[in-house]
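Inspection log for the structure reproduced underneath, given as structure tokens.
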Amino acid sequence: MYLNGKQLEERSFFRKLAIHGKKLGVQPFVFTPDDVDANTNMIYAQYYDTSSKKWKRKWIAFPSLIYDRCRYHGVDNYRKLMQFRNRYKLNYLSRPLANKWTMHQVLSESEDIAPHLPHTVNYTSSKALHRMLTTYRTVYLKPYNGTGGRGIIRIERAGPNAYLLQGRDQQRRILAPRRVTKRQIPLALSGLQITERYVVQQGIPLTLGNDRIHDFRMLVQKNGSGEWEITGCAGRIGPKCSVTSNLHGGGKAVSMEKILRIRFPDTDKVEQIKQDAYRLGIDVVEHLEKRFGDFCEAGIDLGIDPSGRVWLLEVNPKPSREVFYRIGELETYRKAITRPLEYALWMHERNKSGIGESMPDEA
């Protein structure tokens, strides 16, 4: 989607796709619903010319495979995207999965995944929130469809009738900690536009010794043979006074190995945690694929508590991959960019030869 007029959100990533695509014999084109001529069903698409190192445009027909990188920023964009999906029945490498509440319910179906899920309830009233606060010292309120840490609120018990409320607004700006009583919580949340389209989630202790929140971003992708693989996993440490660790919100990237070895001096313990995390990553994508159909990648946010238990915090079907570049894992970063292209080639050859069926239409 175009943001702020005609700006593409991930143009730098698309340029890298074009550069790596040329090496594979693939020419990626970039377009939005606004670039489609409804009368001719032709697309005035952008492409990166690697020779001139400039972006250019040309009219093209719909390609056989679509790599969906659209993010929902606002009601108008969401409506425009849904209209596009309904009008054009296309084959997608990636797909939107589900909102956080539906996702939690779907993942809870798996006996292997359920033990890794924080207790989560639908935010239907202040009573549901108060019940969670009675059970847990810390809870998080997360919007159904929020990304990048937008709109996430943390409420932490600070005394007999005192709670500390902090988080980020819809523009990812850090909200200063605010001390409130139990009775004041609903009013404080209403001022932050907290609606029933939120979930309340058990808070996992993820604060480091410097009082900063951390978690891990795992990237799981299909390879050039159509099989799931863990591309990589990296740590993220949030900025001061932040309740999230997202890089777009000012977080810092650190290697998974470095954080784990600082927190768990036992080498065998570190290896066991990594094995648990990697097994969980594969379990998650395989379970979601059974429920929603084929897709090519997912970013999985993991938390590891002081005992070494691995928790599944969130699943993002349109993940970024800059975290690997920032920690200097350049080969992992290259794989993260090229694997969707390699999977697209595999899908194209599979469909061309008539092996199996085409991917199901987007819902």
- Query: If only one of Arg150, Arg212, Arg154 is of a type in the set (Lys, Arg) and over 21 Å from Ile304 (Cα atoms), which one is it?
  - Reply: Arg150
- Message: Condition (residue is at pLDDT below 95 and under 23 Å from the mean Cα position of the chain (by Cα)) applied to the range 38-47: is it met by at least one residue?
- Response: no
- Query: In the range 257-300, how many residues are within 17 Å of Ala234 (Cβ to Cβ) and touching a Phe, Trp or Tyr at 6+ places or on another chain (Cβ under 6 Å)?
  - Reply: 1
- Item | Residue satisfying condition, being surrounded by 15 or more Cβ atoms within 10 Å (Cβ to Cβ), among the charged types (D, E, K, R) and outside the structural domain of Val243 (by TED's automatic domain parsing), within set Arg79, Arg150 | Arg150
- Could you count how many residues in the range 128-147 are surrounded by fewer than 18 Cβ atoms within 10 Å (Cβ to Cβ) and of a type in the set (Lys, Arg)? 2
- Query: Which ones in the range 182-206 are without any contact (Cβ under 8 Å) to a residue 12 or more places away in the chain and over 13 Å from Ile153 (Cβ atoms)?
  - Reply: Arg183, Gln184, Leu187
- Please work out which residue is farthest from Arg197 (Cα to Cα), limiting yourself to the range 153-180 and to residues that are surrounded by fewer than 14 Cβ atoms within 10 Å (Cβ to Cβ) and at pLDDT below 80. Gln171
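Scanning the range 62-105 for residues that are hydroxyl-bearing (Ser, Thr, Tyr) and not in a helix (DSSP H, G or I), which turns out nearest to Asn145 (Cα to Cα)?
Checking each candidate, the answer is Tyr72.
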- Applying the selection to the range 48-72, what residues are touching a residue at least 60 places away in the same chain (Cβ under 8 Å) and surrounded by fewer than 15 Cβ atoms within 10 Å (Cβ to Cβ)? Ser64
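The values are calculated or read from the model by the stated rules, or taken from the named source; none is laboratory data. Everything quoted here is computed from the prediction, not taken from an experiment. Using ideal geometry, Cβ is built from the backbone for each residue, glycine included, and neighbour counts are taken over all protein chains shown.
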